[in-house]
Structures are given as C-alpha cells and as structure tokens.
Amino acid sequence: MLYDLVVIGTGPGGYVCAIRAAQLGMKVAVVEKRKTHGGTCLNVGCIPSKALLHASELFDEARHGFAALGIKATAELDLPTMMKHRADTVTSNVTGIDFLMKKNKITPIHGTGRILSPAQVEVTAADGAVQVIDTKAIVIATGSDVARLPGIEIDERQVVSSTGALELDAVPARLIVVGAGVIGLELGSVWRRLGSKVTVVEYLDRILPGMDTEVAKAFQRILEKQGFAFKLGTKVTGIAKTEAGLTATVEPAAGGAAETIEADVVLVAIGRVPFTAGLGLDEVGVAKDPRGRVVIDDHFRTNVPGIYAIGDVVRGPMLAHKAEDEGVALAEMLAGQAGHVNYDVIPGVVYTMPEVATVGKSEEDLKAAGIAYRVGKFPFTANGRAKANRQTDGFVKILADAATDRVLGVHILGAGAGEIIHEAAVLMEFGGSAEDLARTCHAHPTMSEAVKEAAMAVDKRAIHM
Ligand code: FAD
Ligand code: NAI
C-alpha cells in the first residue's frame with residue numbers, strides 16, 4: 001500500500017491535517033503511539049483541564065457566589081466524581097476522533113513512528129511488532145513535552161507536571177506552582193477553588209510573560225484577592241521530600257538569601273519543549289533549531305523534501321488552534337491549494353475566572369516596533385450585564401493604529417473573555433478599524449457591549465463612562 005500522506009502524531013495538528021487531506025482526496029494514514037487519538041490537548045491538556053476548570057468554578061460559585069444572589073446552598077466536594085467527569089469528557093472527545101478517522105477513511109496505525117526516509121515510516125507497536133509504511137509525503141506532528149527543572153524529579157504524585165496535577169486523588173492543603181504561565185494559573189485556580197493554599201513561584205518579575213503588561217498586572221491583583229500568593233523574581237533551587245510533605249528551597253532570581261516553603265504538592269509548569277525523540281530526524285537529516293524545534297519554511301517544509309512539520313514541534317505559540325490551522329493549511333498546500341495561516345491573528349485565552357483573552361499586539365509589542373497607537377479601554381464595572389451577573393472584574397482594551405485606526409490588538413480581562421475575543425479576531429482578519437467596531441450594533445445587555453464601548457473610547461466617545 002502506498003499512501004499519499006503519513007501523519008506522525010494525532011494531536012490537534014496531526015488529526016486535523018489528516019482529515020483535511022482525506023477530504024481533499026488523499027489516501028492518508030496516521031501513526032500514534034498513545035492508545036487514544038487527540039494528542040496532548042484532548043488526553044492531558046486543553047480538554048481535561050477545562051473539565052476541571054468548569055466543575056471547580058461552579059463549586060467555588062456555590063460556596064462563595066450563590067449567597068449574594070439569594071440562593072442558599074451547601075456545596076460539598078466529591079472529588080472522585082469530579083475526576084470521573086474529567087475522564088468521561090476525555091473519553092467522549094477521543095472517541096469522537098476515532099469516528100472522524102473512520103468517516104474520512106483514514107488508516108489509523110498505533111505504534112511509535114520513526115522516519116526511515118522521505119518515503120518510508122517504520123512503526124513499532126506496543127507488542128514490539130514492526131511494520132514499514134510507504135508514502136509520498138510525511139508530516140511530523142509529534143507535539144511537545146513537559147519542560148523539566150534540572151535536579152528536580154517529577155514523580156507525578158508529589159512533584160507533578162500538568163498531567164499529574166489533572167489527576168490528584170486528594171486536594172493538597174498546600175500547593176506550590178512553579179511558573180506563573182498559562183498552566184500554572186489555570187491548574188492553580190482549579191486546586192485553589194477546591195481548597196488548596198496556592199503559592200506561585202515565578203522567575204520573572206511578572207505573571208504571564210508575553211501578555212499585555214497592564215492586563216497581566218490587573219489580573220494578578222484579582223488572583224491575589226482570590227487567595228493566590230505570588231513570589232515573583234524567584235527561582236526554585238531544590239525540592240526535598242520530608243515526612244510532612246515537601247520542602248522547596250527558593251532564592252531571589254537576581255541572587256540573595258534562600259528561604260524554604262513547605263508544601264504537599266509541587267506543580268512544575270515552566271513551559272513545554274518540542275518532542276522529537278526517537279523520530280530518526282538526525283539520521284534523515286531534518287534540521288532543528290537550537291531550541292529543538294523542527295525548522296520549517298512558510299510552506300511547513302523541512303529542509304528534507306517530502307517531510308513537513310506543524311504544531312507544537314515547530315516555531316510559534318504552542319496552542320491547539322494554531323496547530324489545527326497549520327494542519328488545514330498544509331493539507332491544502334499539498335493538494336495544490338493556497339493554504340494560509342495568519343500568525344498576526346491567533347487568539348490566546350487563559351481559562352481562569354475571570355478569563356484573559358488576547359489577540360494581536362500588546363502595548364509593549366507596539367512600542368518595541370515603533371508603531372504609534374491609540375488606546376480605548378472600558379471597564380466591566382460600567383457594563384449592565386456584568387453588574388447583573390456580579391462579574392464586574394476586568395476591562396476591555398483596544399489598541400488601534402494612530403494613523404489608520406486599524407485594530408492592532410485587543411485584550412480582554414473578564415468573565416467569558418475567551419468567547420468575546422472572537423469578534424475582535426474576525427474584525428482583525430478583515431483589517432477592520434476601531435470605528436468599524438464602534439459602529440457595529442451590539443445586543444444589549446451583553447458583556448460584548450464593553451468591546452464596542454472600548455472601540456468608542458479609542459476616539460474618546462464611550463457613552464457609559
Ligand atoms: P500534541 O497534541 O502534543 O500531539 C502530538 C502527538 O504525537 C501525541 O499524541 C504523541 O503521542 C504523538 N507522538 C509523538 N511522537 C510520536 C512518534 N514518534 N510516533 C507516534 N506518535 C508520536 N492549547 C490551547 O490552545 N488551549 C488550551 O486550553 C490548552 N490547554 C492546555 C492545557 C495543558 C495542561 C497542556 C499541557 C497544554 C494545553 N494546550 C492548550 C496546548 C495544546 O495541548 C498543544 O498546543 C497542542 O496539543 C499541540 O498539538 P500538536 O498536534 O502539535 O501536538
Ligand atoms: P508558559 O510558557 O506559559 O509559562 C511558563 C512560566 O514559567 C513563565 O512565566 C516562565 O517565566 C516561568 N519559568 C520558567 N522557568 C522557571 C523557573 N526555573 N522558575 C520559575 N519560573 C520559571 O508555560 P506553561 O504554563 O508550562 O504552558 C506550556 C504551554 O502550554 C504554553 O505554551 C501554553 O501556550 C500552552 N497552554 C495553553 C493553554 C491555553 O491556551 N489556555 C493552557 C495551558 C497550556
């Protein structure tokens with residue numbers, strides 16, 4: 001059997017690329033070493049984390065939010081059932097991918113893939129059986145793995161990565177989170193809501209590096225009000241197991257006196273690294289950059305003709321929707337169409353309460369690029385729906401080109417921000433201006449009206465402020 005395309009890895013990049021290629025008439029096989037499809041995202045990432053974020057948010061609301069709305073309820077945690085909800089959500093999503101594979105007549109092959117040449121992939125199954133698949137093209141979609149701290153062993157019970165933090169069988173009384181990035185703040189939120197005292201240790205002097213600084217600072221204040229403790233500009237130098245739990249030694253990042261913090265569980269969330277182990281890239285001569293990412297050109301081509309790469313294993317944000325869009329674009333290019341990804345308009349969302357959602361440039365990006373801009377801001381405290389919902393934390397911030405009024409960046413801190421952000425993404429895809437947004441009728445009362453008002457505020461004419 002000669003395939004048109006063999007995709008290695010069935011995360012959001014790989015399975016979406018395979019489906020789109022099959023839709024376009026290609027004969028496609030996928031190789032996956034996990035028992036289930038869906039990669040990091042569906043098995044141990046996006047989906048299980050959102051199942052726990054949703055459940056823990058309702059628990060928190062029931063304990064601390066309902067009374068003010070006139071609802072008397074006592075909430076009691078049933079962690080095994082919450083974990084079953086997480087596991088059932090994963091199963092339902094990964095079996096959905098099996099169905100899509102069948103529907104699109106894609107051949108699933110379970111085992112670890114190794115590239116022998118641009119025309120052959122060797123697959124070793126869990127039982128040791130080996131087969132070689134012939135193909136006209138290969139896509140590397142092998143994703144990423146947890147970044148580790150030197151000298152600190154992750155046992156997934158006491159010292160955990162995100163994977164262990166999604167499966168704890170008891171609420172840790174004291175949780176240390178190393179890294180104030182997306183995983184640390186999302187999973188830190190889950191366990192804080194369920195009862196943990198959470199201390200976040202971050203190397204830099206801010207949370208969420210890369211996000212608009214004003215938004216990150218406001219978000220930090222909200223998290224502190226919720227009970228998070230932050231130790232910024234601090235590094236963890238060691239973790240020791242004691243009879244009572246764990247003792248983490250931390251030091252100022254710039255140097256100085258060490259101190260210790262006691263914990264029951266430590267979550268290491270300091271980023272992820274591209275995963276290419278055992279793929280045979282060196283043998284076939286596929287180039288990687290100094291950070292271990294597979295080097296590609298604008299058409300997802302590696303330096304070896306016939307071998308392509310997408311998703312977390314290549315440059316760009318490590319996000320599921322970025323991997324998916326690359327999968328679609330590559331399949332379309334392979335079919336002779338004009339696939340395209342606009343890297344200037346990839347939304348990023350932190351699924352906490354409130355959510356942080358961002359698309360396009362931050363103020364720091366624009367300053368660094370020397371682009372003159374105008375800012376429009378609108379707080380949710382002045383939004384009728386937010387008041388009715390008692391969800392007034394946060395604001396919308398719009399950055400527009402000072403000369404052309406084109407929207408260059410939108411940042412939303414607020415309940416539901418991860419859904420609201422998409423009107424900004426669509427506007428930006430069409431090269432829209434703040435004026436366009438300000439003149440678009442928004443339904444009342446909605447949280448989205450804050451976006452319209454922020455757009456009006458770019459021209460200093462917001463109505464409700
Ligand atoms: P992956 O999803 O990592 O899939 C790669 C697949 O390749 C894996 O299944 C792996 O088993 C397989 N593989 C690797 N090597 C081989 C081999 N040699 N042979 C066969 N198979 C192989 N992103 C978001 O956009 N939104 C979120 O809410 C979000 N939440 C996250 C939460 C957590 C806790 C984590 C860890 C990540 C989260 N992410 C989120 C990031 C998201 O999961 C990744 O960006 C996304 O999964 C990348 O997709 P991918 O297809 O490139 O790789
Ligand atoms: P991250 O890159 O978002 O954050 C890592 C944080 O750890 C940074 O703030 C960094 O400064 C800090 N750090 C690094 N080394 C440190 C050290 N030695 N000591 C203390 N702090 C240190 O990475 P994270 O949170 O692990 O997530 C990995 C990837 O998964 C991200 O790229 C993210 O895009 C993706 N993801 C996306 C989600 C979403 O879209 N909602 C949810 C979860 C993950």
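The values are calculated or read from the model by the stated rules, or taken from the named source; none is laboratory data. Nothing here was measured: the structure is a model prediction, and the numbers come from that model. Cβ placement follows ideal geometry from the backbone for every residue including glycine, while neighbour counts extend to all protein chains displayed. Keep in mind that these areas ignore ligands, DNA and RNA; they rest on the heavy atoms of the full protein, side chains included. Shrake-Rupley method; radii C 1.70, N 1.55, O 1.52, S 1.80 Å.
Multiply the residue gap between residue 127 and residue 148 by 0.36 nm, knock off their C-alpha separation, and tell me the result in nm, one decimal place. Before the final figure, lay out each step's value.
Numbers: separation 21, 0.36 × 21 = 7.56 nm, distance 2.92 nm.
Here the segment from residue 127 to residue 148 would lengthen by 4.6 nm.
Ranked highest first by average number of other Cβ atoms within 10 Å, how do 102-114, 201-213 line up?
201-213, 102-114
If you build the Cα gyration tensor of the range 226-320 and take the root of 5 times each eigenvalue, what three semi-axes come out, in whole angstrom, biggest first?
Semi-axis lengths for the range 226-320 are 40, 15, 13 Å.
Can you run phi through the Karplus equation (6.51, -1.76, 1.60; θ = phi - 60°) for the range 27-38 and list ³J(HN,Hα) in whole Hz, with x for Gly and Pro?
8, 10, 10, 10, 10, 9, 7, 6, 5, 10, 7, x
Straight-line reach only, C-alpha to C-alpha below 20 angstrom: list the aspartates and glutamates that residue 102 could link to, leaving out same-chain residues fewer than 8 apart.
4, 32, 324
Suppose only helical runs count, i.e. DSSP H with n ≥ 4. What mean residue ellipticity at 222 nm does that imply for the chain under -39500 (n - 2.57) per run, divided by all residues and rounded to the nearest 500 deg cm²/dmol?
So the helix-based figure for the chain works out to -10000 deg cm²/dmol.
Kindly flag which residue pairs out of 322/452; 35/105; 103/136 have an alpha-carbon separation exceeding 24 Å in this structure.
Cα-Cα > 24 Å for 322/452; rest within.
Suppose the chain between residue 273 and residue 75 were pulled fully straight at 0.36 nm per residue; how much longer would it get relative to their current alpha carbon spacing?
Taking residue 273 through residue 75 to full extension adds about 67.4 nm, to one decimal.
In what sequence, highest mean first, do 314-322, 396-404 appear when ranked by Cβ atoms within 10 angstrom?
Ranked from most to least packed, the peptides come out as 396-404, 314-322.
Determine one quarter of the surface area of the Cα convex hull of the chain, which equals its mean projected area, and express it in nm² to one decimal.
Result: 24.8 nm².
Would you calculate the separation in nanometres between label points at residue 257 and residue 436, each defined as 7 Å from the Cα along the Cα-to-beta-carbon direction?
5.7 nm
Quick check on the range 70-171: take the gyration tensor over C-alpha atoms, sort the square-rooted eigenvalues as a ≥ b ≥ c, and tell me if it's rounded (a/c under 1.5), prolate or oblate.
In terms of gyration-tensor shape, oblate.
Give the list, by residue number, of cysteines in the chain with no other Cys Cβ closer than 4.7 Å, or say none.
17, 441
Considering only protein heavy atoms, what per residue accessible area in square angstrom results for the range 39-148 with a 1.4 angstrom probe?
Here the per-residue accessible area is 52 Å².
Compute the distance from the alpha-carbon center of the range 320-372 to that of the range 185-224, in whole Å.
23 Å
If I stretch the segment between residue 426 and residue 62 completely, what's the gain in nm (0.36 nm per residue apart, minus their alpha carbon distance), one decimal?
Length gained, residue 426 through residue 62: 127.5 nm.
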